Amino acid sequence: MDFDFEAQDVINEGRTSQKAIEEIKTFISNNEDIPTIPDQMIVLFLLSCRNDIEFTEKTIKAYYKCKKNAPEIFDDRDMSKEDLQLALKTVKMASVPRRTEDNHTVHVLKLDDSNYGNFELVPIMKASYMLLDVTQQVNPPDGLIVVIDMKPLRLMHLMKLKIGAIRKYITFLQEGFPIKLKEIHLLNAVYFVDKVMNIVKSCMNSELVDMLKIHQSDIDMNEFYEKHLSSKYLPSDYGGELPSVDKLAEITLEKLKNRQAFFDEEERIRKEICK
């Protein structure tokens, strides 16, 4: 599995240590249900857990357990498949090409198709987690901020929500996610957002609920920039300094395609331990 950074680079920056990496390697070698992974992946786990060894071990175990229990979300991540192509047309997804001052990365997801018939939740979930693998290919971020634009959402979309898949998705987000999640912002909240939240929050712990920030369509964006996220890290659609969501999503789509070998290898290695 290829990365555009070396573990030693992160060690040299003082963000983790060789000792911590070696401790995790020992832990992995003593667990038959965890595959051997490159040092770069170990670094990602350590950073997501602030170099807490016990927490890192717990997160790695949850990472592989969640992936094993949710093959519909984590397997067959093939960019040539029609379901993924439709998902990425229905919801434009972008990994913002500028880190915040705290080295946080920003993901923007914008529902771009109001036709609920094209809204298939599971491949959208799959693509959103694939997005993280693209982001973490380069110098690993210290945190993730997610911005979701709900504007075209309609009541009929609620019919496409699948509580089982949502529960698996959120379990991974809370227990096995290999990055520190900082905030989730829902922009252009629809009038029935409380119904959506009732479904989603039933699967969330209190820490994740606290990260969730809901903003109405009449939000004062200057206040948003000041309180939450500077316009330097947002697309022009939201008054930001970056290109439009469409343009950023187009760039991100190419990165997803170029990451296909990683997706294939990650699944192959993961499944080797099940033989």
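In the set F74, F55, which member is aromatic (F, W, Y) and under 16 Å from S17 (Cβ atoms)?
Matching residue, one of F74, F55: F55.
Can you tell which of K162, K168, K201 is surrounded by 19 or more Cβ atoms within 10 Å (Cβ to Cβ) and either in the same structural domain as V43 (by TED's automatic domain parsing) or basic (K, R) (or both)?
Selected residue: K168, the only one of K162, K168, K201 that is surrounded by 19 or more Cβ atoms within 10 Å (Cβ to Cβ) and either in the same structural domain as V43 (by TED's automatic domain parsing) or basic (K, R) (or both).
Given the options I11, I53, I21, name the one that is closer than 21 Å to D133 by Cβ and either of a type outside the set (D, E) or free of Cβ contacts under 8 Å to residues at least 60 places away in the same chain (or both).
Of the residues listed, the single one that is closer than 21 Å to D133 by Cβ and either of a type outside the set (D, E) or free of Cβ contacts under 8 Å to residues at least 60 places away in the same chain (or both) is I21.
Looking at (1) within 29 Å of Y63 (Cα to Cα); (2) at pLDDT below 90; (3) buried (at least 19 other Cβ atoms within 10 Å of the Cβ), which is the one condition that is false for I145?
(2)
Okay, residues lined up against (1) touching a residue at least 40 places away in the same chain (Cβ under 8 Å); (2) acidic (D, E):
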{"site": "K65", "(1), (2)": "yes, no"}
{"site": "D75", "(1), (2)": "yes, yes"}
{"site": "Q85", "(1), (2)": "no, no"}
{"site": "R99", "(1), (2)": "yes, no"}
{"site": "D102", "(1), (2)": "yes, yes"}
{"site": "K110", "(1), (2)": "yes, no"}
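So which residues in region 164-199 are aromatic (F, W, Y) and over 18 Å from L131 (Cβ atoms)?
Y191, F192
When you go through T59, T90 one by one, which is the residue that is of a type in the set (V, I, T) and either in contact with a Lys or Arg (Cβ under 6 Å, 6 or more places away or on another chain) or in contact (Cβ under 8 Å) with a residue 60 or more places away in the chain (or both)?
Answer to the selection: T59.
From the list I251, I269, which one is surrounded by 12 or more Cβ atoms within 10 Å (Cβ to Cβ), in contact with a Ser or Thr (Cβ under 9 Å, 6 or more places away or on another chain) and not assigned by TED's automatic domain parsing to the domain that holds V108?
Testing whether each residue is surrounded by 12 or more Cβ atoms within 10 Å (Cβ to Cβ), in contact with a Ser or Thr (Cβ under 9 Å, 6 or more places away or on another chain) and not assigned by TED's automatic domain parsing to the domain that holds V108 leaves just I269.
So if I check each of M159, M130, M125, which one is part of a helix (DSSP H, G or I) and within 28 Å of M221 (Cα to Cα)?
On inspection, the qualifying residue turns out to be M125.
Looking at region 245-272, I want the residues that are more than 17 Å from K81 (Cβ to Cβ) and have a partner that is among the acidic types (D, E) and in a helix (DSSP H, G or I) with Cβ atoms under 6 Å, at least 6 apart or on another chain. Which pairs are those?
Close Cβ pairs satisfying both conditions: V245/D237.
The values are calculated or read from the model by the stated rules, or taken from the named source; none is laboratory data. Everything quoted here is computed from the prediction, not taken from an experiment. Don't worry about glycine lacking a Cβ; one is built from the backbone with ideal geometry, like all the others, and counts go over all protein chains shown.
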